[in-house]
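The values are calculated or read from the model by the stated rules, or taken from the named source; none is laboratory data. Predicted model, so just to flag it, every value in this text is computed and none were measured. Quick reminder, even Gly has a Cβ in these numbers, built from the backbone with ideal geometry, and neighbours come from all protein chains shown.
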Amino acid sequence: MSIIDKYDYEFPPDLIAQKPAHPRDSAKLLIYDRKTKAVSFDIFKNIGKYLPEGTVLVLNETKVLPARFEVAKLTGGKIKLLYLSGEKNIFSALSPRRLHPGEVLKFGSKEITVTKVLEDGYRFKADKSFDIKKELEKYGDTPLPPYIKNSPLSRSEIKKEYQTVFAKKYGSVAAPTASLHFTKKLLESLKKQGIKEEKVTLHVGLGTFATVTEENIKEGRLHSEYYEINKGVADKLILAKKHGNVVIPVGTTALRTLESAFERDKFEKLSGDTDIFIKEGDKLKFADGLITNFHVPKSSLIMLVSALIGREKTLELYNLAIKNKFRLFSFGDAMLIL
């Protein structure tokens, strides 16, 4: 059995959540205390009962782009594209069709031109008045993960529901899903309780859905994603740790951001690309716990959870959640690891 196969588990397909809980904070919550080994169950709305006094939650304020869009060939016919990266009038996207440099396509009322064939798609250019993110807001659709096949949500509902209530900075093709459980009312309640929150950014790329390979494990590297931490936020987080406060990232993206930036007792690199692969045996440098969803078998995300509690305990808790009919994956239920 390969290392990757050791992170496999079985689950009933009907546990794959096709829409979020309503209200969002009514999702189920599994709580695991690493010190006492105790497991308990509740709903997400009551998460404040389990957070130590003075806890700092670290939230990823990335915003999901409606990255799937349609263009028309000047000779007739339509093509679906998926935005990958880029700014303003120069950007790259995936296409299921073969495109050629110099080919002109119609996007809304504007024209875009294929300028280069890339390893993972195509580069496009438009005139200087074109802004890809504004055009996506106007014409694009939010791409859901491939395992959500039967969502009852409409296009407009998906745009709203597959977005955190504090999303601010456009750049992701997938939501930081552990944060989807928070409502504005819950965040306000936690604030009154003395739970602090700090925001960081990591823009989630398509690589989050990629299959882990033996090469990933051998090299200890994953797909690359852009992150940034405001210096003021970094200073507050360092101060919180000095005062003995518990710092808990909300989701694997927030955790990867902290662990990518923190070196030698300080946040050394406040922005840049990270391909960090956190897995069992790795010691976390900054995070004291994690709020997370239940992830796809054999994924880098379930391996990340194993860095906190080990592979055997991770699979044990997953099987316990499945036994208790927890909903899985992006729109699913949550786990708090203390």
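Looking only at residues of the range 229-245 that are not in a helix (DSSP H, G or I) and not polar (S, T, N, Q), we find that the one that is farthest from Glu53 (Cα to Cα) is Ile229. The residue that is nearest to Ala174 (Cα to Cα), counting only those in the range 61-72 that are within 30 Å of the chain's Cα centre (by Cα) and part of a strand (DSSP E or B), is Val64. Could you grab me the full set of residues in the range 190-228 that are part of a helix (DSSP H, G or I), loosely packed, with under 15 Cβ neighbours inside 10 Å and either out of contact with any helix residue (DSSP H, G or I) (no Cβ under 8 Å at 6 or more places or on another chain) or outside the structural domain of Gly171 (by TED's automatic domain parsing) (or both)? Answer for the range 190-228, where residues must be part of a helix (DSSP H, G or I), loosely packed, with under 15 Cβ neighbours inside 10 Å and either out of contact with any helix residue (DSSP H, G or I) (no Cβ under 8 Å at 6 or more places or on another chain) or outside the structural domain of Gly171 (by TED's automatic domain parsing) (or both): Lys191, Lys192, Glu215, Lys218, Glu219. Restricting attention to the range 38-58 and to residues that are free of Cβ contacts under 8 Å to residues at least 24 places away in the same chain and not in a loop (DSSP other than H, G, I, E, B), the residue that is nearest to Pro96 (Cα to Cα) turns out to be Ile43. Ala93 meets all of the listed conditions (1) more than 30 Å from Val104 (Cβ to Cβ); (2) among the hydrophobic types (A, V, I, L, M, F, W, C); (3) touching a Leu at 6+ places or on another chain (Cβ under 6 Å) but one, namely (1).
Count, please, the residues in the range 41-78 that happen to be of a type in the set (Phe, Trp, Tyr), touching an Asp or Glu at 6+ places or on another chain (Cβ under 9 Å) and surrounded by fewer than 18 Cβ atoms within 10 Å (Cβ to Cβ).
Going through the range 41-78, the residues of a type in the set (Phe, Trp, Tyr) turn out to be 41, 44, 50, 69.
Filter once more, so that each one left must be touching an Asp or Glu at 6+ places or on another chain (Cβ under 9 Å): 44, 50, 69.
Now restrict to residues that are surrounded by fewer than 18 Cβ atoms within 10 Å (Cβ to Cβ): 50.
Summing the residues that are of a type in the set (Phe, Trp, Tyr), touching an Asp or Glu at 6+ places or on another chain (Cβ under 9 Å) and surrounded by fewer than 18 Cβ atoms within 10 Å (Cβ to Cβ) in the range 41-78 gives 1.
Considered as a group, the residues in the range 73-84 that are without any contact (Cβ under 8 Å) to a residue 24 or more places away in the chain, assigned to a strand (DSSP E or B) and out of contact with any Phe, Trp or Tyr (no Cβ under 7 Å at 6 or more places or on another chain) include one that is farthest from Phe209 (Cα to Cα), and that residue is Lys78.
Do we find that Asp288 is buried (at least 22 other Cβ atoms within 10 Å of the Cβ) and of a type in the set (Asp, Glu) in this structure? No, not satisfied.
Taking the criterion of being closer than 30 Å to Ala21 by Cα and in contact (Cβ under 8 Å) with a residue 12 or more places away in the chain, would at least one residue in the range 117-134 satisfy it? First the steps, then the outcome.
Residues of the range 117-134 closer than 30 Å to Ala21 by Cα: 133-134.
Now drop any that are not in contact (Cβ under 8 Å) with a residue 12 or more places away in the chain, which leaves 133.
Looking through the range 117-134, at least one residue is closer than 30 Å to Ala21 by Cα and in contact (Cβ under 8 Å) with a residue 12 or more places away in the chain.
Taking the options Glu70, Glu61, Glu87, Glu103, name whichever one is in contact (Cβ under 8 Å) with a residue 40 or more places away in the chain and over 25 Å from Thr253 (Cα atoms). Exactly one residue qualifies, and that residue is Glu70. Of all residues in the range 181-195, those that are closer than 18 Å to Leu290 by Cβ have Cβ atoms under 9 Å from Cβ atoms of residues that are hydroxyl-bearing (Ser, Thr, Tyr) and crowded, with 18+ Cβ neighbours inside 10 Å, 6 or more apart or on another chain, in Phe182/Thr164; Leu190/Thr55; Ile195/Thr55.
Residues that are touching a residue at least 24 places away in the same chain (Cβ under 8 Å) and either among the hydroxyl-bearing types (Ser, Thr, Tyr) or over 13 Å from Phe294 (Cα atoms) (or both) within the range 1-18 comprise Ser2, Ile3, Ile4, Asp5, Lys6, Tyr7, Tyr9, Pro12, Gln18, listed in sequence order.
Test Lys269 against the stated conditions and say whether it is assigned by TED's automatic domain parsing to the domain that holds Thr164, of a type in the set (Lys, Arg) and closer than 30 Å to Val296 by Cβ.
yes
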